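S.K.: Dropping the structure in here first, questions after.
The values are calculated or read from the model by the stated rules, or taken from the named source; none is laboratory data. In this text the structure is predicted, and so the values were computed from the model without any measurement. FYI the Cβ positions are ideal-geometry reconstructions off the backbone, even for glycines, and counts take in every protein chain you see.
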């Protein structure tokens, strides 16, 4: 009968081998079974990563992709036991642990993050809280309420355009701004943005006591266009567009505290 300590040692030997079967000494188990276990682990994890990062997968040939996935299995220690979070663990591995290879594109981390965002928003547990929002509120005179399922993102590369036919070798002069959001129909959508819209969403998120008009006047001051009525006209249309897309949920409701 194997002692608890001996059993744990055998478990560790098996786990080390399954993580890196090409470099580890095989434990005293039938090789046929080891090959089955090793194949199952690699194929299951590779399938999750390939599904979560389809564009990234197409940018690597088969050998380089296999090395990338095997490096993740071998070297990364996941914090989460959930299959749905393998993509996030893979992103952490690319960002914090993996040494860059000559075959890596310069936009690797940004493209991986962009692809991960879709899954992250799709499974996010946050929801629309309509008790604190007036969906029909005036976005100019009221305080715009940002959806918890809308992320304003900035990248150095145009990640939304990258694919097999477009692989930028140099960082563009201008950054790429995107809004990724989940609407009330639970659909994840992407919207190309710009620096002004990104700044507006940042102010809405941080300055939750300002009306839409006050937010736009602040942006006008930052742009050196104070007093320009076109900013207010353009901004009012932008607020409406963001609301129509469920990026803004309406205006914040002020509740009177009970005595």
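S.K.: Given the criterion assigned to a loop (DSSP other than H, G, I, E, B) and either closer than 30 Å to residue 120 by Cβ or free of Cβ contacts under 8 Å to residues at least 24 places away in the same chain (or both), identify the matching residue among 214, 202, 226.
M.R.: The unique qualifying residue is 226.
S.K.: Name the helices (runs of 4 or more DSSP H) wholly within segment 1-91 that hold at least 1 residues that are at pLDDT below 80?
M.R.: Fully inside segment 1-91 and qualifying: 4-19, 31-52.
S.K.: Test of understanding: among 196, 164, which residue is within 22 Å of residue 236 (Cβ to Cβ) and out of contact with any strand residue (DSSP E or B) (no Cβ under 8 Å at 6 or more places or on another chain)?
M.R.: 196
S.K.: When you look at residue 145, is it surrounded by 20 or more Cβ atoms within 10 Å (Cβ to Cβ) and within 22 Å of residue 203 (Cα to Cα), yes or no?
M.R.: yes
S.K.: Within the bounds of segment 95-112, is there any residue that is closer than 25 Å to residue 14 by Cα, buried (at least 19 other Cβ atoms within 10 Å of the Cβ) and modelled with pLDDT of 90 or more?
M.R.: No.
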